[in-house]
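This report refers to the structure that appears directly beneath it.
The values are calculated or read from the model by the stated rules, or taken from the named source; none is laboratory data. Owing to the predicted nature of the structure, the values given are computational and were not obtained by experimental measurement. As a convention, Cβ positions derive from the backbone with ideal geometry for all residues, glycine included, and neighbour counts pool all protein chains shown. Only protein heavy atoms, including side chains, enter the accessible area calculation; ligands, DNA and RNA are left aside. Shrake-Rupley method; radii C 1.70, N 1.55, O 1.52, S 1.80 Å.
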Amino acid sequence: MTKIPETYKGLSIAINNNYSKYNASYNKFSQVIVIYPNFSTLSNIKQKSILEHEYAHHVYYKMPLAYKKIWQYLSNWKLINLLNIMWITKCKKNAYVSEYAKTDVKEDFAECIEKKVLWESFKTFAQVKMDIANSMYNYYSKK
């Protein structure tokens, strides 16, 4: 993306020229994606993945509380026995798509969406979480 778009999936994009350690952020109150200076130095695929990450925060906030709770239990490994019983996974160890995903349930969700853009065959429990996050994301992004 050579030119930063004005919107992404219906959300406005604001450019903040002040330094930030982040490439972008999502403001849930104004429902705006904020882009920081380093964003424009990244490859097109990385920019797209970051925009998806920020949009995933928007989708997460739109999801009903029950689904956020389900994601929380997936993220912190509390549903693993049920998922093993249902043959959804045979994983025995939790996994995260990035170190940043470990910092917060919402970041875990958004990182799963971002990484899904970057790669499709992460063969750990992180893949299961990416698939579930992607399913929730696709459903609630249309609401």
With -39,500 (n - 2.57) per DSSP H segment of 4 or more residues and division by the full residue count of the chain, the 222 nm estimate, nearest 500 deg cm²/dmol, is -14500 deg cm²/dmol
Calculate how steeply helix 44-62 sits against the longest principal axis of the alpha-carbon atoms of the chain, using the helix alpha-carbon long axis, and give the answer as 0 to 90 degrees to the nearest 10.
70
Accessible heavy-atom area order of 51, 65, highest first, probe of 1.4 Å:
65, 51
Place a +1 charge on the Cβ of each Lys and Arg in region 1-104 and a -1 charge on the Cβ of each Asp and Glu, then give the dipole magnitude about the Cα centre in debye, rounded to the nearest 20.
400
Rounded to whole Å², per residue accessible area for the chain with a 1.4 Å probe reads 57
Note down the nm distance, to one decimal, between modelled labels 7 Å out along Cα→Cβ at residue 6 and at residue 44.
2.2
How big is the equivalent ellipsoid of region 6-143 along its three axes, where each semi-axis is √(5λ) from the Cα gyration tensor, reported in whole Å from largest to smallest?
28, 16, 12
Estimated FRET transfer efficiency (residue 18, residue 77; beta-carbon r; R0 35 Å; 0.05):
0.40
When the chain is fully extended, how far beyond the present Cα-Cα distance does residue 69 get from residue 104, taking 0.36 nm per residue of separation?
11.3 nm
Dipole of region 17-100, positive end: most advanced residue of 88, 26, 37 [Cβ charges, Cα centre]
88
How large is ³J(HN,Hα), in whole Hz, for each residue of region 64-72 in order, when computed from phi with the Karplus curve 6.51 cos²θ - 1.76 cosθ + 1.60 and θ = phi - 60°, using x for Gly and Pro?
x, 3, 4, 6, 5, 5, 4, 4, 4
Over 24 Å (Cα to Cα) among 48/106; 93/142; 9/102; 62/102; 9/115 -> 93/142; 9/102
Among 86, 130, 63, the residue with the largest mean-square fluctuation in a Gaussian network model of the chain built from Cα contacts under 10 Å is 86
With a 1.4 Å probe and all protein chains kept in place, how much accessible area does residue 89 have, in Å² rounded to the nearest 10?
10
Express the carbon and sulfur contribution to the solvent-accessible surface of the chain as a percent, rounded to the nearest whole number, probe 1.4 angstrom.
56
